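Quick notes on the structure that follows.
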Amino acid sequence: MLPAVTFKGVTKHFGPTLAVNDISFEIRPGRVHALMGENGAGKSTLMKILAGVHQPDAGKIAIAGRQVCFANPSQALAAGVSTVFQELSLLPNLSITENMFLGKEIMGRFGSPHRAEMAQRTKEALSELGMSLDPNTLVSELSIAQRQFVEIAHGIKADAQVFILDEPTAALNAADVQVLNARIEKLKAKGKAIVYISHRMDEIFAICDDVTIMKDGAHVATQSLSDLTPERLITLMVGRELNDLFPDRARDLGPVRLSCQDLRLTPEASPLSFDLHSGEILGLAGLEGQGQSEIVRSMIGQYAANSGKVRIGSQTVLLPVTASAGVRNMQQLSLGFVPEDRKEEGLLLGAAIRENIGIGLQSARPGFKPLAKVADVTRRIMADLNIKAGSSTTPVGTLSGGNQQKVLLGRYLASDMDILIIEEPTRGVDIGAKVEIYRLLRELAQRGMAILVLSRETVELIGLCDRLLVVHDRKIVSELAGAEASEHNILNAALTS
Amino acid sequence: MHRRKINRFFGKNSRQGNWWAALLIIIATILLLLVKSDDFATPQNASNLLAQAMPLIIVAIGQMIVIILAGMDLSVGSVMSLTTAILALDGSPYALIPLVFLAAICVGLVNGVAIVKLNVHPIIATLSTQFIVLGIAQLLRPVAGGSVPDFVVTIVTGSVLGVPAPVFWGIVIVGLGWKIVHGSRFGLHLFAIGGGNASGQLDTAHNFGLKDERNIVLAYVISAGFAALAGLFIAGRIASGDPSVGSQFALDSITAVAIGGTQLSGGVGGLHGTIIGAILMSLLANGMNLANLSAFLQGAIKGVILLLVVGLQSRKKMGL
């Protein structure tokens, strides 16, 4: 059988940097092919070449044995390559049908688009994915998950043979991930080739058949996943063992910094209490959506808890607090909150690194007395955190995920916070940056900061935290020491509660 | 499902924008005028009202096309003035009318190319051509005067196929506008490009393989073309050339478009809303004239209505 895609010596430069260096491998039909590597390893660039966004400087690409050369994404789609990019590429003010046929409308009489025909074909493509959406629904009314399925349906409609999914689960919850996986299986059964890019190890092993690993633009290995273990895969990616990812745990804990007492998220929920010590990294673990994020969000006023109180030092904050006062009050009690969705909730993507770091300091000051020394502070933070950027005036939106996350952390560092609450500290961040962020958090803890971490990645919580609280059904069902925790006993604690 | 259809009809969660607030005010104004004014429901006033509304409706359709693209055309008023100035030149109507449209196409091309190729902001690009075109119109005809060929007067004020000319041309031009905006591939691509702009996905339309630059230039040409049509209409009514006749139309057309629910951020809007907006503006002017309100007060009331109507549009719930 012919390979679905053959790369042969594909090379791409951006100015002086070599983004993709002489890559050759094959993707077979009816297989899910994982593409792994750190951010900047060149996997997104390679996929953009396949999708027609970029053109290679050298090398050949063949689709089902036929050599191709795409000038733009719509040509790639016509040749059977469909892409679901990380950045959404549907227009919100158009309907599903209009998005699917944009630029390739079926025309009826008198030069009018043939709406009924297009709606019918859209419906068919959607139903192949088991979706019964009205094809005339505007994309703005769809959830993120639905939008991704619409993009996949876009490929089905075009009779694509190759589907590229670039971090499709980054914005999905667990239930939607299940649905997505089921649909990937369906495509696979039909003999389509699927390229799957993700940073989540468990997903890769759950749904992929083959893997290609890239490092610094070059090809490291292509092999069947059944021959690999997660540890071996990480070693191939970074040249390090999994244990080396995480720094040592805390030896001894300081006094209690934050004490959450009798928190009830809903009137029916049983109260929960926990303490957070200076020098400690505490994790909230458990299945997804069991109330972990509501617990931290109720402390900063973004979730209206029923009742409870938070004691920080000598101050007591009664819950619920209002959203407008929450973050500001907590900042005055030197508690920083790093939200999960750094692009939406955390950073000003168009603004410079300096402004993003300085804003934490500035917001604590009177409006007409801004701090003048932001440049110095920024320089220090950038050096401390090893933020890789041209200068402190580089817009944050142009940085890699890892560097963006470090800028966000830098904001709280600049403000000398005692307590840090972090949601998903390494979301969408490559392994190299993950290691740096883990080390950084541990250093902060060693300096006496108290850190509360939420993460969907259980491995990360186990490796990073000193103590884990297992949350299930809006209560704390178990407490485990980090050194004793395993994925197995966390799940066990959650499910047998 | 049912609810969604109802919402969409009223412009909620739709790409058409909210036009019902403007329609409510139209109905209220008509009721008020029917009760309060004896002169309102007369054939003479209806004919006046229609003749007042037509140029605004025509120019607003062109304006809407560029606003859907997240653009704006401030040069439409000057194009209207230039049109009347050209038509009042000595010459055959069969030479002057093509010349009018040739001039409009040139203005549209300059606007479009400046925006697309030189990356000038639409407001600045069309503000510049507004000055340039007005200057040319004033050079041709420094003060109002001259006379427009009879042919132009007849086609605008007479009757066509037994239908009063304003009604006939109104139906033709609105039909043309509908075809462009809602019944063609170009129209759909307008929404796509404007929507990409409004949602910060500037490359999306391009990634779909749309010829975005060509479409933008074409939109400005169409806008100038509609402005020339509106100028033709006015020239026929006043039967002379007047370099200041279009001065109000740039902002009035933007007002009508905004009142009709079209979003200045791009990607949301529709023909029926724009027509409703233009009718509301004309109806208000007509009503306030009948009520003998001072021109200064009329301006202030127009501003209040604009703020009120757009405020009632619940913009957040719309397509973007």
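So what's the back-of-envelope 222 nm ellipticity for chain B, counting only DSSP H runs of four-plus at -39500 (n - 2.57) apiece and dividing by all residues, rounded to 500?
-23500 deg cm²/dmol
Modelled label positions at A:Asn306 and B:Gln248, each set 7 Å beyond Cα in the direction of Cβ, lie 6.3 nm from each other. Short-range pairs are left out: with C-alpha atoms under 8 Å and at least six residues apart, the relative contact order of chain A is 15 percent.
Under the Karplus relation 6.51 cos²θ - 1.76 cosθ + 1.60, θ = phi - 60°, what is the ordered set of whole-Hz ³J(HN,Hα) values for the stretch A:334-346, x standing for Gly and Pro? Working through the residues one at a time gives 6, 10, x, 10, 9, x, 5, 8, 5, 6, 8, 9, x Hz. Residues whose amide H falls under 5 Å from that of A:Ile421, counting only those 5 or more places apart or on a different chain, are A:Gly336, A:Phe337, A:Val338, A:Leu452, with hydrogens built in the peptide plane.
3J(HN,Hα) along the stretch B:67-82: 5, 4, 7, 6, x, 6, 10, 8, 8, 4, x, 5, 4, 5, 4, 4 Hz, from the Karplus curve 6.51 cos²θ - 1.76 cosθ + 1.60 with θ = phi - 60°, whole Hz, x for Gly and Pro.
With an a/c value of 1.5 or above and a/b not larger than b/c for the gyration tensor axes a ≥ b ≥ c computed over the alpha-carbon atoms, the stretch B:14-70 is described as oblate. Close amide H partners of A:Arg257, meaning residues 5 or more places away or on another chain with modelled amide H under 5 Å apart, are A:Leu276, A:His277, A:Ser278.
Too long at a 25 Å Cα-Cα cut-off: which of A:Lys48/A:Lys343; A:Lys43/B:Lys117; B:Lys117/B:Lys211; A:Lys369/A:Lys406?
Checking Cα-Cα distances, A:Lys43/B:Lys117; A:Lys369/A:Lys406 exceed 25 Å.
Taking every alpha-carbon pair under 8 Å whose residues sit at least 6 apart, chain B reaches a relative contact order of 37 percent. With R₀ fixed at 25 Å, the C-beta to C-beta distance from A:Ala481 to A:Arg447 puts the FRET efficiency at about 0.70.
If you roll a 1.4 Å probe over chain A with all protein chains in place, what percent of the accessible area is carbon or sulfur? C and S atoms contribute 49 percent here. Using a probe of 1.4 angstrom and keeping all protein chains present, the accessible surface of the stretch B:85-160 works out to 54 square angstrom per residue.
Would you mind working out the accessible area per residue for chain A, using a 1.4 Å probe, and quoting it in Å²?
Value for chain A: 42 Å² per residue.
Once the partner protein chains are put back, the stretch B:206-225 shows a loss of at least 40 square angstrom of accessible area, versus the chain by itself, at B:Asn207, B:Phe208 (probe 1.4 Å, ligands and nucleic acids excluded). Return the value, in Å² to the nearest 100, of accessible area buried between chains A and B (probe 1.4 Å, both sides summed). That pair of chains buries around 2200 Å² in total. Computed over the alpha carbons of the protein assembly as shown, Rg followed by Dmax gives 31.8, 99 Å. Roughly how many nanometres apart are two label points built 7 Å out from the Cα toward the Cβ at A:Gln332 and B:Asp39? Output for this residue pair reads 6.4 nm. Peptides A:403-411, B:143-151 ranked from most to least packed give A:403-411, B:143-151, packing being the mean of other C-beta atoms within 10 angstrom over each peptide's residues. Take each residue in A:127-137, count the other chain C-beta atoms within 10 Å of its C-beta, and the mean is 1. The B:His121 and B:Asn289 beta-carbon pair, evaluated with R₀ = 35 Å, returns a calculated FRET efficiency of approximately 0.45. Placing +1 on each Lys and Arg Cβ and -1 on each Asp and Glu Cβ, with no other charges, gives the stretch A:245-495 a dipole about its Cα centre of roughly 940 debye.
Taking only C-alpha pairs under 8 Å that are 6+ residues apart, what is the relative contact order of the stretch B:166-229 in percent? Worked out over the stretch B:166-229, it gives 20 percent. From most to least packed by mean Cβ count within 10 Å, the peptides A:347-357, B:55-65 give B:55-65, A:347-357.
Note that the stretch A:382-396 has calculated 3J(HN,Hα) couplings of 5, 6, 4, 8, 6, 7, 8, 7, x, 7, 6, 9, 5, x, 4 Hz, one per residue in order, obtained from phi through the Karplus relation 6.51 cos²θ - 1.76 cosθ + 1.60 (θ = phi - 60°); glycine and proline are x. Which FRET efficiency value, to the nearest 0.05, do you get for A:Asp418 and A:Ala182 by plugging their Cβ-Cβ distance into 1/(1 + (r/R0)^6) with R0 = 41 Å? Calculated transfer efficiency: 0.35. Taking chain B as a Gaussian network of alpha-carbon nodes connected by springs under 10 Å, the highest mean-square fluctuation of the residues B:Ile27, B:Ile216, B:Ile97 belongs to B:Ile27. Rounded to the nearest 10 degrees, the inclination of helix A:431-446 to the longest alpha-carbon principal axis of chain A is 0 degrees.
What dipole magnitude, in Debye to the nearest 20, does the stretch B:162-254 give about its Cα centre under +1 on Lys/Arg Cβ and -1 on Asp/Glu Cβ?
Here the stretch B:162-254 has a charge dipole of around 280 debye.
Taking amide H positions as modeled 1.01 Å from N, with prolines and chain starts lacking one, the residues under 5 Å from A:Val471 and 5 or more places away or on another chain are A:Ala285, A:Gly286, A:Val477.
The values are calculated or read from the model by the stated rules, or taken from the named source; none is laboratory data. Bear in mind the structure is a predicted one, so any value in this text is a computation, not a measurement. As a convention, Cβ positions derive from the backbone with ideal geometry for all residues, glycine included, and neighbour counts pool all protein chains shown. Ligands, DNA and RNA are stripped out before the accessible areas are found, and what is left, the full protein with its side chains, is counted by its heavy atoms. Shrake-Rupley method; radii C 1.70, N 1.55, O 1.52, S 1.80 Å.
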